[in-house]
Amino acid sequence: MSANAARRLGVRMLALGYLALLLGAPVGMIFYRTFEHGLAPVWSAVTAPNAEHAFWLSLEIVAIAVPLNTIFGIGMALLLERGRFWGKGLLGLVIDLPFAISPVVVGLALVLVYGKTGWLGDWLTTNGIQIIFSVPGMVIATAVVSLPFVARETMPVLRELGIDAEQAAETLGASAWQTFWRVTLPAIRWGVVYGVVLSTARALGEFGAVSIVSGRIEGQTQTLPLYVQDRFENFDSTGAYAAAVLLALLALGTLLAMNLLTRRTRGRTAS
Amino acid sequence: MAIEVREVSKRFGDFVALGDVSLRVGDGALTALLGPSGSGKSTLLRIIAGLESPDSGEVVIDEQNVTDAPARMRGVGFVFQHYAPFKHMTVHDNVGFGLSVRKRPKAEIRERVKELLGLVRLEGLAERYPSQLSGGQLQRMALARALAVQPQVLLLDEPFGALDAQVRAELREWLRRLHEEIHVTTIFVTHDQEEAMEVAEQIVVMNKGRIEQAGTPRELYESPGNEFVMSFIGPVNRLGDAFVRPHDIEILPSVEGVGTEALVERVVHLGFEVRVELKLHDGRDIWAQITRENAQQLELREGQILSVRLPAPRVFAA
Amino acid sequence: MSPPPNSQGALALGRPRVPAIGARGAGALGKGLLGIYLSALVLLPVAALLSKAGSGGTSAFWREISNPEALAAIKLTLAASAIVVLINAIFGTLIAWVLVRDEFPGKRFVNTLIDLPFALPTIVAGVVLLALYGKGSPVGVDVAFTRASVGLALLFVTLPFVVRSVQPVLLELDQAMEEAAASLGAGPATVLRRIVLPSLAPAIISGVALSFARAIGEYGSLVLITGELPFKTEVGSVYIFGQISNENLPAAAAVSVLLLLVALVVLGALSFVSHRRSRHVR
């Protein structure tokens, strides 16, 4: 084998070896451990009442947070790419802030605003609204951590699209809403979808912020990730692994969706 | 340094880029590899440079078989079509790169870079970055960079393709004069026959991975070996199997019994010459190239009927 | 549907020309709603955080973060993150190289897998690492409750950043530059050192910045495998969580703001450096 080819092979083995040790083996291990004793224990673990509740709660929260973030994201993207005002850079930074903040800090910050002793605490108590230690708080926490995705993925697509098509629609008499719905949105839809996929994955997997905000009350404010921790702490490794595998499968589904969509958006990754 | 290519073949998958190509380039010659896209000329150049390896055949530079030697050991200077500047380095560092790789002392590098920048007329731009240069300047920097290590052979891959007409014309002239000064064996690739004719001492016409003909510009123009070469070099009228050069066609006032009758369809004044599109008596279309004076004498205008005398047409064996 | 009014007609009727969609499409109501959403979710909480952290003045802030347990946690966080992003810079670039320049069966699968840490919930990442590198590990490697486990978890969750940052740049890199260097006499190592890496530097730096910001805030993957032992394997985020559980909100807020500031400073500084290095390349 020539020196060149040997070098190439060596580099490849190093990279793949690293990935195998860090990603591949652990993930493979979890699937193995979970199904080690067959399907039955996994099934009963996954259908335990608290597990089921956690699953549906997770979905419910995601079903609220993600659409909200999608609307926000598209709106923000339009504002930043098509609007004309000073402070765009600053606004962009603010939207990106959730990326720089630890989820635990997000949880804390939300408690400081919406908790009983928080800024809005009195007002909320007076009006009988419970946010912290309840589902609404968890929705807000989830929304915060998954906020930037749709905006970030939509912006470049909007930028590349340019205003020509939109201006053409205007000259043909379309209203702003019509232009948006029939010209802009269809053109950016894959960017939006990709952002929604990322946002959903992040929302489903959120742990730290929701952990603080939820109070971790079993059967009431436990999402699936919180449930995994709960089972672990109670030495129910079967239960923990089963829930973990469920989440892992959802994650793999997300990866698949991301991969399929990558071709449609500006090719982000090498193929 | 003389270059010899012996029976080189190269294919990319199913595509045959070069089929058994052999070529000799004399020491100090300025040669053009001319042909349409896909003719294999760039591939041949890259094989000579060592940037590609042939599937079979040999490359000999200065009597040494370099077929298995990698590019960096062949002592060839290569100028890329889009200049391949090192964008993160200044012009000075770009030009001096080959010398710094050879661990020459800094003072020597500075001296040589200065000399070369003077040669290519980029003095004063040493501290600029490639992103700040124009196309023509980038091309000259690329040339200076290749010459810095005193290559035995200089190879240029469509060096002027990405430039606009005016700059192209200037650089062609400039390359010719540079070669007169430096006398390095130079091979350049082009698809522009005018460029090849104007600059090169020897032209190698390629098509579909083969060499059609090699010779001086005059030889190729006046004695083309086949119809491809004739059509590629210089304008041509095709009448069935026969080929006639537009400026070999004589146009005369209409006189009985002399030449063939033809109708003037269109007259195009191209400044120094005039192009006349004619329809022959038998319905075929040809075009002729004549001087301004000739056109004036004939009082050329559309719709006119004239006599046309065709030279002995060239026919090539199938 | 009635035929669209032609613009000529609209002008003739004195109707104002419809301006670009962004400026008017969102409209005042739209902009207002966006503003409220952003405030409720980001601006207000961050303001409350800063307020709480500074509520006792700088002396109180200082006291909170120089508390021995807090200091230990912060130091561990910063040190572990720094080491991890360095490893990422090397291996991330290596992996990106292999994914772009190399060919092998299953490459597309591997490429997709790189995003797994992005998609996987952090708690699951912790469980997954624990299964292989914790108690009862089939390969006999048990790093649970050690500092190494902190590094391991952080390596896992920050894997994609440098890879994904470098890949597109590598894809677009003009190989003619490398060929030019070779034709000028440079060997493969020199080409790597003087041509490829400098061209990739801005992207690597960018990826490192994102990795670092992510690493110092990481929580979920560390919860199980590190055991959260104070002064040993307790990181900043875990300390903050502990203080919140103990209703010591000022302490939690102080350390939070410190970590946030570090993240912003690092992001800002590295972004600046990356920008400067790439100003001639674009």
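Scanning segment B:107-122 for residues that are over 16 Å from B:V91 (Cβ atoms) and in contact (Cβ under 8 Å) with a residue 60 or more places away in the chain turns up nothing. Only one of these is in the same structural domain as B:T186 (by TED's automatic domain parsing) and either within 23 Å of B:T190 (Cβ to Cβ) or in a strand (DSSP E or B) (or both): B:I290, B:I211, B:I286. Name it. Criteria check complete, one pass: B:I211.
When we screen A:L204, A:L198 for residues that are within 11 Å of another protein chain (Cβ to nearest Cβ), assigned to a helix (DSSP H, G or I), over 20 Å from A:V228 (Cα atoms) and not small (G, A, S), the only hit is A:L198.
C:I244 meets the conditions (1) β-branched (V, I, T); (2) within 13 Å of chain A (Cβ to nearest Cβ); (3) under 17 Å from the mean Cα position of the chain (by Cα) in every case but one. The failed one is (3).
Do you know which residues across segment C:186-200 are crowded, with 20+ Cβ neighbours inside 10 Å and at the interface with another protein chain (Cβ under 7 Å from one of its Cβ atoms)? Within segment C:186-200, C:A186, C:I195, C:S199 meet the criteria. When the residues of segment A:31-58 are filtered to those that are under 22 Å from the mean Cα position of the chain (by Cα) and in contact (Cβ under 8 Å) with a residue 24 or more places away in the chain, the one that is nearest to A:T200 (Cα to Cα) is A:S58. Listed conditions (1) facing another protein chain (nearest Cβ under 9 Å); (2) outside any helix (DSSP H, G or I); (3) under 13 Å from A:S214 (Cα atoms); (4) not β-branched (V, I, T) are all met by A:G118, apart from (3). Which of the residues spanning segment B:96-137 are within 12 Å of chain C (Cβ to nearest Cβ), farther than 23 Å from C:A189 by Cβ and buried (at least 21 other Cβ atoms within 10 Å of the Cβ)? B:P130, the sole residue that qualifies. As for segment C:138-154, it holds no residue that is within 8 Å of chain A (Cβ to nearest Cβ), part of a helix (DSSP H, G or I) and of a type in the set (D, E, K, R).
Restricting B:E195, B:E173 to those that are over 14 Å from B:T43 (Cα atoms) and under 11 Å from the mean Cα position of the chain (by Cα) reduces the list to B:E195.
Of C:A47, C:A40, all but one fail to be within 10 Å of chain A (Cβ to nearest Cβ) and within 20 Å of A:I64 (Cα to Cα); the exception is C:A40.
Residues in segment A:123-141: is at least one at the interface with chain C (Cβ under 10 Å from one of its Cβ atoms) and either assigned to a loop (DSSP other than H, G, I, E, B) or surrounded by fewer than 24 Cβ atoms within 10 Å (Cβ to Cβ) (or both)? Looking for residues that are at the interface with chain C (Cβ under 10 Å from one of its Cβ atoms) and either assigned to a loop (DSSP other than H, G, I, E, B) or surrounded by fewer than 24 Cβ atoms within 10 Å (Cβ to Cβ) (or both), one finds none in segment A:123-141, hence no.
Annotation note: Cβ proximity below 6 Å between a residue of segment B:165-192 that is over 21 Å from B:S134 (Cβ atoms) and a residue that is assigned to a helix (DSSP H, G or I) and polar (S, T, N, Q) (sequence gap 6+ or interchain) occurs for B:V189/B:S42. I'd like the residue in segment A:227-248 that is part of a helix (DSSP H, G or I) and aromatic (F, W, Y) and, out of all such residues, is farthest from the other protein chains (Cβ to nearest Cβ). Per the criteria, the residue is A:Y227. The number of residues in segment B:22-57 that are assigned to a strand (DSSP E or B) and either within 20 Å of B:T216 (Cα to Cα) or within 14 Å of chain C (Cβ to nearest Cβ) (or both) comes to 9.
The values are calculated or read from the model by the stated rules, or taken from the named source; none is laboratory data. These figures come from a predicted structure and were not determined experimentally. Don't worry about glycine lacking a Cβ; one is built from the backbone with ideal geometry, like all the others, and counts go over all protein chains shown.
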